[in-house]
Structures are given as C-alpha cells and as structure tokens.
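First comes the structure, then the notes that go with it.
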Amino acid sequence: MSGIKIISDRLFSLAKGNLSSTVMRLAVVSVALALTVMIVSLAVVVGFKNQIRDKVVGFVAPIHIQTLDLNESFEEQPFVVDERLQKALTTTPGIRHYQMVANKAGMVKTDDEIQGVVMKGVEADYDWSYFEACLKDGEVPKYVDGERSTEVLVSKNIADKMLLQVGDDVRVWFIDEDMQARGRKFNVKGIFETGLSEFDERYLFCDLDQIRRLNRWADDETGVVEVWLNEVEDMDKVNEQLYFNIPGTLASYTARESNPQIFDWLALLDTNVWLILVLMFLVAGITVVSMLLIIIIEKTSTIGLLKAMGADNGFVRSVFMRRSLRILLLGMLIGNIIGVGFCLIQQYTGLIHLNPETYYLSAVPIELHWGTVVMLNLAVFVLWMLMLLIPTAIINRIRPSRSIRFE
C-alpha cells in the first residue's frame with residue numbers, strides 16, 4: 001500500500017507545471033461546482049415548492065367540501081352539516097379540524113375607487129394561525145357565535161388600492177337574485193398579505209353570519225366545509241377516504257384539485273431539478289474521466305516501466321484510482337462547503353431577493369435537509385467512481401515493450 005501511495009503522489013503531483021497538473025485542478029473545480037449547483041438546486045426547489053404549497057393550503061385548506069353541482073361562480077349552494085357528514089369528519093383518520101365558511105361576490109366602494117372582491121365568511125372557530133403570520137397591520141377579527149360582527153380582514157393589495165387603513169369603515173355592495181343592490185358597512189380590523197396575487201387581489205374576510213343574512217340562509221347552513229389535517233402531505237389519501245363517506249350530494253376536493261394551475265407549475269420544477277442534476281453529474285463526471293484518461297496517456301511510458309518491473313494491471317490501476325479518489329473527494333469537500341454554506345447564509349439572511357408579484361415569495365427559499373445532502377453525496381460519489389473505471393481499462397492494453405519508448 002505504501003508503494004502505491006508513493007508512486008501515485010509522484011504521478012499526480014499538483015505542483016508540477018505540466019498538462020496533468022492543470023487537468024487535475026480543472027477536475028477539482030468541476031466537481032466542486034457541480035456538487036455546489038446540485039445542493040443549491042435541491043434546497044431551492046424543495047423550499048420553493050413547500051413554501052408555495054403551504055401558502056395555498058393555508059388559504060384554501062388542504063381539503064374542502066361543498067355541494068356537488070356545476071356551479072362555476074364564487075358563490076356556493078348552501079348545505080347543512082348533518083350527522084353523516086359530522087361522523088365522516090370526526091372518524092376519518094388524519095383530520096385535525098374542520099370549519100364552515102362561505103363566499104359571496106361584491107364590490108368595495110369608496111369616494112374615489114371601486115374594486116370587485118369576494119367576501120369569505122368565517123365563524124368563531126376559524127383557524128387564524130396562517131393569517132396571523134401574514135398580518136401587516138392590526139389584528140385578526142374575533143367573532144362570537146350568535147353575534148353578527150362588522151369587522152373584516154382586508155388584504156394589503158386591496159387596502160392599498162382603496163386607500164384603507166386599520167380602523168377605517170368600508171362599504172361593500174352586493175347584488176341580490178332580483179338584481180337589487182344592497183350595501184353593508186364594515187370596519188377594517190386588520191390587513192394581511194400572503195404574497196399570492198390570485199388571493200390578495202380578491203378576498204376579504206368577514207363574519208359568516210353576514211353572508212348567511214345576505215343569502216337568506218338558515219343559521220346552520222354553510223357554503224363550504226374546510227378540512228385541516230395533521231399532515232398536509234396526506235391530503236390525497238385522506239380525501240380519497242373522505243369522498244366515499246360523505247353524503248352523495250356533496251363532493252370533496254383537495255387544494256391541488258381546486259388550484260391545479262399553481263400545483264402543475266410546481267410539478268414542472270421537479271423536471272427542471274432532475275435535468276440540472278443529470279447535466280451537472282455528466283459534466284463533472286466527463287471532466288474527471290477526461291482527467292484520468294489524459295494522465296494515463298501522458299504517463300504511458302511510466303506505466304510500461306512499472307509493468308516491466310513486475311507490476312501487474314491491478315497494481316497499476318490501484319495507483320491511478322487512489323489519486324483519482326483523492327481528487328474526487330477534494331472537489332466534493334469544496335463543493336459541500338460552498339453549497340451548504342450558501343444555503344445557510346440564504347436561509348438565515350434572505351440575501352437574494354425575489355419579486356413577490358412573479359414568484360409569490362420575497363426571497364429565494366431554502367429548505368436544506370441533511371439526509372438529502374448525504375444521499376446526494378453518496379449517489380454522485382458512487383456513480384463518479386464507476387465512471388472512473390472506464391479509462392483504467394486502457395491500462396490493460398499497454399504493453400511494456402512498446403510503451404517504454406512512447407513519448
């Protein structure tokens with residue numbers, strides 16, 4: 001083993017000003033850059049997908065139940081949460097909480113501006129945790145069962161357009177079935193911003209009793225039942241079980257089904273990251289293979305001399321593989337330091353910013369999982385080592401009688 005080390009150190013010296021030393025440095029840089037790009041790409045894509053998913057799910061709930069019809073408007077047909085539906089909601093595994101809501105289209109009007117909106121009515125048991133994290137000013141409304149409240153939660157987008165502030169009164173107009181306009185005055189309790197323009201440009205939150213009164217619904221009727229889960233990742237499985245347990249007049253939908261354009265866009269990111277991983281693996285792998293091939297060609301006479309002195313093919317291959325392994329590990333170490341370091345800096349400082357109107361986020365998201373980093377390192381190391389076996393096969397074909405005279 002010591003003989004292999006001494007010979008490999010002489011053959012692969014980075015200090016020499018020859019072709020092989022330059023190629024080895026390029027191989028180290030290539031491996032480091034490739035692994036850096038892989039780590040950063042995975043962390044960004046995972047973080048981006050999870051944060052956008054959490055934003056959408058936080059607004060619309062993982063699963064929602066409503067009347068089964070062909071209604072394409074924002075307003076739903078009313079139904080009652082009967083015993084069968086309650087049993088399905090309380091016995092299906094994975095469900096943490098459910099709440100009744102309803103939507104109604106209207107128009108916000110001030111002295112100078114007018115804006116179409118959707119009023120989302122919620123009850124006293126509504127889970128405000130997501131919107132409390134999105135508050136820009138004021139606080140979330142606190143509704144009480146049996147007491148109709150005029151407090152509303154307004155998005156920052158609408159508040160800026162309508163020049164509204166916390167504490168201001170705002171009048172919202174609604175159109176009845178008989179095409180008569182009815183106005184209701186509300187008071188702005190808080191202002192939120194989710195970063196999702198599809199929702200921020202449209203929704204206000206109010207007391208569900210206000211929607212019931214406008215729609216002439218009974219006190220126990222609702223338009224939608226939102227279902228919250230212990231684990232968001234289980235929404236497809238839970239929805240499949242829930243769908244067959246609820247009454248036949250109702251249907252349950254996941255957040256993915258109700259917002260396919262956003263989730264389809266996120267699914268495209270998986271294709272992009274796989275493409276990046278494959279390209280980076282091939283670029284670095286080919287560079288490392290080329291490095292070893294160039295060194296073997298450059299050291300052909302030395303290989304012939306070693307064979308003439310009694311070294312077999314296995315010994316010579318070990319000499320080249322040992323040093324190639326060190327170069328590969330050095331590049332991977334540098335790549336891990338740079339990649340993980342960048343991810344940690346971005347995660348804790350938000351150094352690189354994004355346009356929220358385009359990307360829904362104000363900074364490049366990072367979600368770094370150490371298990372993923374370890375698996376990525378193991379996978380690329382094994383694959384690159386297998387690729388290094390290709391050029392070493394040339395060593396078997398080198399004949400001492402001819403190679404010693406090779407220049």
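The values are calculated or read from the model by the stated rules, or taken from the named source; none is laboratory data. These numbers were taken from a predicted model, which means no experiment stands behind them. Every residue, glycine among them, receives a Cβ derived from its backbone with ideal geometry; neighbour counts consider all protein chains shown. To get the accessible areas, we keep the full protein, side chains included, count just its heavy atoms, and leave off ligands, DNA and RNA. Shrake-Rupley method; radii C 1.70, N 1.55, O 1.52, S 1.80 Å.
Here are the numbers for this structure:
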{"read-out": "Any pair with Cβ under 7 angstrom, 6 or more apart, that starts in the stretch 38-56 at a residue that is aromatic (F, W, Y) and ends at one that is surrounded by 19 or more Cβ atoms within 10 Å (Cβ to Cβ)", "value": "F48/P365"}
{"read-out": "Selection from the stretch 311-364 of residues that are modelled with pLDDT of 85 or more, over 18 Å from the mean Cα position of the chain (by Cα) and assigned to a loop (DSSP other than H, G, I, E, B)", "value": "L351"}
{"read-out": "Residues of the stretch 240-273 satisfying the condition of being farther than 27 Å from G195 by Cα, of a type outside the set (D, E, K, R), out of contact with any Lys or Arg (no Cβ under 7 Å at 6 or more places or on another chain) and open to solvent by 10 Å² or more (accessible area, probe 1.4 Å)", "value": "Q241, Y243, F244, N245, G248, T249, L250"}
{"read-out": "Positions within the stretch 137-164 being open to solvent by less than 10 Å² (accessible area, probe 1.4 Å) and either closer than 14 Å to F199 by Cα or among the basic types (K, R) (or both), in sequence order", "value": "L153, V154, S155, I158, A159"}
{"read-out": "Residue within the stretch 147-158 that is in contact (Cβ under 8 Å) with a residue 24 or more places away in the chain and closer than 16 Å to E221 by Cβ present", "value": "yes"}
{"read-out": "Residues that are small (G, A, S) and in contact with an Asp or Glu (Cβ under 8 Å, 6 or more places away or on another chain), drawn from the stretch 112-145", "value": "G121, A124"}
{"read-out": "Test for V188: is it within 22 Å of Y130 (Cβ to Cβ), surrounded by 14 or more Cβ atoms within 10 Å (Cβ to Cβ) and either modelled with pLDDT of 90 or more or out of contact with any Leu (no Cβ under 8 Å at 6 or more places or on another chain) (or both)", "value": "yes"}
{"read-out": "Selected residue (criterion: nearest to G58 (Cα to Cα)) from residues of the stretch 97-130 that are open to solvent by 50 Å² or more (accessible area, probe 1.4 Å) and at pLDDT 90 or above", "value": "S129"}
{"read-out": "Options C134, C206: the member that is under 20 Å from D54 (Cα atoms) and surrounded by 17 or more Cβ atoms within 10 Å (Cβ to Cβ)", "value": "C134"}
{"read-out": "Set D137, D145: member being of a type in the set (D, E), in contact with a strand residue (DSSP E or B) (Cβ under 9 Å, 6 or more places away or on another chain) and on the phi < 0 side of the Ramachandran plot", "value": "D137"}
{"read-out": "All helices (runs of 4 or more DSSP H) inside the stretch 1-96 with 1 or more residues being modelled with pLDDT under 85 and surrounded by 20 or more Cβ atoms within 10 Å (Cβ to Cβ)", "value": "2-11, 19-60"}
{"read-out": "Pair list, Cβ < 6 Å and 6+ apart or interchain, from the stretch 276-292 residues that are part of a helix (DSSP H, G or I) to residues that are of a type in the set (S, T, N, Q)", "value": "I276/S41; A284/S30; T287/S30; L292/S324"}
{"read-out": "Matching residues, the stretch 368-389, being at pLDDT below 85 and open to solvent by 50 Å² or more (accessible area, probe 1.4 Å)", "value": "L386, L389"}
{"read-out": "Close pairs (8 angstrom Cβ cut-off, 6 or more residues apart or separate chains): exposed (fewer than 15 other Cβ atoms within 10 Å of the Cβ) in the stretch 348-367, assigned to a helix (DSSP H, G or I) anywhere", "value": "L351/I345; I352/Q346; E357/S197; S362/P356"}
